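See below for the structure under consideration.
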Amino acid sequence: MLFTATIVAYFHTCKRKMYLHHHGIRMEHTSDVVYEGKLIGESTYPERAAKNTQLELDGIKIDYYDAKTNTVHETKKSDKMEQAHLAQVRYYLYVLHRNGIEGARGIIEYPTLRQRQQLEFDPEQDIPLIEGWLSDIEQILAQEECPPVINKSICKNCSYYDYCYVGDED
């Protein structure tokens, strides 16, 4: 089963957030942090939209795909959730590969940090890895009960914070 790249990223951040998002509980629209990240992504590279393509394929939506260089560009506010960012782009590359687009690569850009991370897709390593994620995601999403709160420092800036912690006496 294929999922959105958001689900894959949330799998690497918080299983509860992933579960809630998948089951239609969406809180991102209430978050200033999410809005700021979206604004950075849209305003940092204004010429990118003109020379790149938005690509929708098998449930994913890649905002900036350069067909000439076969490159997925992803812009992020900070590298605090770097593993989730890498997983998201790796998943994009996996879906491209499954659809016959060979040799794609990814670039994650952190403009506020002035950093870039390049990512190559290695079918021998990445396919089993990603298919393992998808199997785990499928099992979690099929559960009747939502995964528990993770109580980590990242929770304080999460758009689901109020949902998870309202009424929590601890």
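So here's what we get for this one:
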| quantity | calculated |
| --- | --- |
| Any hit, the stretch 121-139, residues being within 19 Å of His12 (Cα to Cα) and touching a strand residue (DSSP E or B) at 6+ places or on another chain (Cβ under 8 Å) | yes |
| Count - residues of the stretch 140-152 that are surrounded by 14 or more Cβ atoms within 10 Å (Cβ to Cβ) and either among the basic types (Lys, Arg) or farther than 13 Å from Tyr10 by Cα (or both) | 2 |
| Filter result for Tyr65 (within 20 Å of Met1 (Cα to Cα), open to solvent by less than 40 Å² (accessible area, probe 1.4 Å) and at pLDDT 60 or above) | no |
| Unique match (being at pLDDT 90 or above and either part of a loop (DSSP other than H, G, I, E, B) or open to solvent by 70 Å² or more (accessible area, probe 1.4 Å) (or both)) among Arg90, Arg26, Arg116 | Arg116 |
| Test: residue in the stretch 128-137 that is touching a residue at least 24 places away in the same chain (Cβ under 8 Å), of a type in the set (Phe, Trp, Tyr), open to solvent by 40 Å² or more (accessible area, probe 1.4 Å) and part of a helix (DSSP H, G or I) | no |
| Some residue of the stretch 95-110 being under 16 Å from the mean Cα position of the chain (by Cα) and assigned to a helix (DSSP H, G or I) | yes |
| Qualifying residue in the stretch 42-54 (condition: within 24 Å of Gln143 (Cβ to Cβ) and at pLDDT below 95) | no |
| Residue list for the stretch 138-151, restricted to those being free of Cβ contacts under 8 Å to residues at least 24 places away in the same chain and at negative phi | Gln139, Ala142, Glu144, Glu145 |
| Contacts under 7 angstrom Cβ, first residue in the stretch 99-121 being touching a residue at least 60 places away in the same chain (Cβ under 8 Å), partner among the β-branched types (Val, Ile, Thr) and surrounded by fewer than 16 Cβ atoms within 10 Å (Cβ to Cβ), 6 or more apart | Pro111/Thr44 |
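The values are calculated or read from the model by the stated rules, or taken from the named source; none is laboratory data. What you see is a predicted model, and the numbers here were worked out from it, not measured in a lab. Neighbour counts are summed over all protein chains in view; Cβ atoms, including those assigned to glycine, are modelled from backbone coordinates with ideal geometry. In case anyone asks, the SASA skips ligands and DNA or RNA and just uses the protein heavy atoms, side chains included. Shrake-Rupley method; radii C 1.70, N 1.55, O 1.52, S 1.80 Å.
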